[in-house]
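Student: Can you keep this structure in mind? I'll have questions shortly.
Every number in this text was worked out from the coordinates using simple rules, so none of it is lab data. These numbers were taken from a predicted model, which means no experiment stands behind them. Positions of Cβ are backbone-derived with ideal geometry, glycine not excepted, and every protein chain shown enters the neighbour counts.
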Amino acid sequence: MCEIRVVMEQDGVEELIMQNVTKLVVHDSSVAISSLFEGSKEIPNALIRNIDFLAGKVFLEQRS
């Protein structure tokens, strides 16, 4: 099973947005994610800061 987690990192604190993410799409002003179990979610004003493939995490941050 896919073990990718998407987290929002702000001021050094990680907030879990979704687990077992199967699809991630970057739009001009948002990031859309979806999972087989949790459906889909769009995170406005977000951008990808970092992807750690070994840990299975995508780190997002809010655009300034």
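Student: In debye to the nearest 20, how big a dipole does the chain give about its Cα centre with +1 on each Lys and Arg Cβ and -1 on each Asp and Glu Cβ? Before the final figure, lay out the partial values.
Tutor: On the way: 6 positive and 10 negative charges, 38 e Å.
So the dipole magnitude of the chain works out to roughly 180 debye.
Student: 5 Å is the cut-off here: which amide hydrogens, built 1.01 Å from N in the peptide plane, fall below it relative to residue 46, excluding neighbours closer than 5 in sequence?
Tutor: HN-HN under 5 Å from residue 46: 30, 31, 63.
Student: Using DSSP to call loops (not H, G, I, E or B), can you name the GluC sites (Glu not before Pro) in the chain whose Cβ has at most 14 other Cβ atoms within 10 angstrom?
Tutor: Taking the chain and a limit of 14 other Cβ atoms within 10 Å, the loop GluC sites (Glu not before Pro) found are 3, 38.
Student: Can you list which of the chymotrypsin sites (Phe, Trp or Tyr not before Pro) found in the chain are DSSP loop residues with at most 11 other C-beta atoms within 10 Å?
Tutor: Of the chymotrypsin sites (Phe, Trp or Tyr not before Pro), the ones in loops of the chain whose Cβ has at most 11 other Cβ atoms within 10 Å are 37, 53.
Student: Ok, one more. If each residue's Cβ is checked for other Cβ atoms within 10 Å, how do 30, 64, 35 rank with the fewest at the top?
Tutor: Fewest-to-most ranking of 30, 64, 35: 64, 30, 35.
Student: May I pose another question? Among 6, 58, what is the fewest-to-most ranking by other Cβ atoms within 10 Å? Write down the numbers at each step before the final one.
Tutor: Numbers: 6 24, 58 21.
Ranked by crowding around the Cβ, least crowded first: 58, 6.
Student: What list of ³J(HN,Hα) couplings, whole Hz, do you get for region 48-64 from phi and the Karplus terms 6.51, -1.76, 1.60, once you set θ to phi - 60° and write x for glycine and proline?
Tutor: Values per residue, Gly and Pro as x: 7, 8, 6, 10, 10, 5, 5, 7, x, 10, 10, 9, 9, 9, 6, 5, 8 Hz.
Student: While we're on this one: Normalise the Debye intensity by I(0) for the chain, one equal point scatterer per Cα, no solvent, then take log10 at q = 0.15, 0.21 Å⁻¹ and round to two decimals.
Tutor: The computed values of log10 I(q)/I(0) come out as -0.40, -0.79.
Student: When the chain is modelled as a GNM with alpha-carbon springs shorter than 10 Å, which of 54, 36, 16 fluctuates the most?
Tutor: In the Gaussian network model the winner is 54.
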